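S.K.: Sharing a structure below in structure tokens format, with a few things to ask.
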Amino acid sequence: MHPQLLLASASPRRSELLKQIGIRHSIMAVDIDETPWPGEAPAAYVERVAAEKSALCLASTATDLPVLAADTSVICDGRILGKPDDLQHAIEMLSQLSGRKHQVYSAVSLRGEQHWQALSVSEVRFRPLSHQEIVAYWQTGEPHDKAGAYAIQGLASVFIESITGSFSGVMGLPLFETAQLLSLAGIDIIP
Ligand SMILES: Cc1cn([C@H]2C[C@H](O)[C@@H](COP(=O)(O)OP(=O)(O)OP(=O)(O)O)O2)c(=O)[nH]c1=O
């Protein structure tokens, strides 16, 4: 069967989530500079990065398929937390998240006949984490390639007291918003 879209992502999570709603897709990883601009607001940042990923993908390949990209960041006290560089960085991030709530912003960009964008904002509350727990969690490998140094879909589920918003959005691709964009592009999940 032909793919319905091209997913501009190296994230296995995004592909899994698309499969969950039955979207046939090809994958093309794109590599862009994800450094926030000085003073850039979180919503503007994730929207810009998602749009740059889909634009670079379209510029790098000849395709008739719509191109989908996303960007997910953890926001705590207004600061953008990306992926951890090392254990020390993960300790800083997870200590900041410990015992309180933070936001997760996930932007989606879909380029077809037009450019459609959507933003999902969720709130996640962590229970208090001990230093020992944070180090042990790092050693499982799970936090290494995740924004905010945790994965809601993995072991970090035991840290999360509550979530308001979108589970799939926290995981990397908000499926409600994605389905709305796909529908605008003529791709219906439930015809
Ligand atoms: C908060 C959180 C993030 N993540 C992941 C989703 C994303 O893969 C990653 C955030 O980094 P992103 O820069 O959004 O994505 P990526 O670099 O992994 O993939 P690509 O740019 O090629 O699409 O963190 C989880 O898997 N679970 C979570 O609970």
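S.K.: When you take every Cα atom in the stretch 5-184, what is the radius of gyration, and what is Dmax, the widest Cα pair distance, in Å?
M.R.: 16.1, 51
S.K.: Which residues among the stretch 119-146 fall inside the zone where the amide N is under 15 Å from a point 7 Å beyond the Cα of residue 100, along Cα→Cβ?
M.R.: Only 124-129 fall inside the zone, counting backbone N under 15 Å.
S.K.: Starting with the highest mean, order 67-76, 92-101, 46-55, 155-164 by the number of other Cβ atoms within 10 Å, averaged over the residues of each peptide.
M.R.: 67-76, 46-55, 92-101, 155-164
S.K.: Also: Modelling each spin label as a point 7 Å along the Cα-to-Cβ direction, I'd like the residue 157/residue 85 distance in nm, to one decimal.
M.R.: 3.3
Taken together, the values in this text are just the output of simple stated rules run on the coordinates, not laboratory data. Please read all numbers here as calculations on a predicted model, not as lab measurements. Every residue, glycine among them, receives a Cβ derived from its backbone with ideal geometry; neighbour counts consider all protein chains shown.
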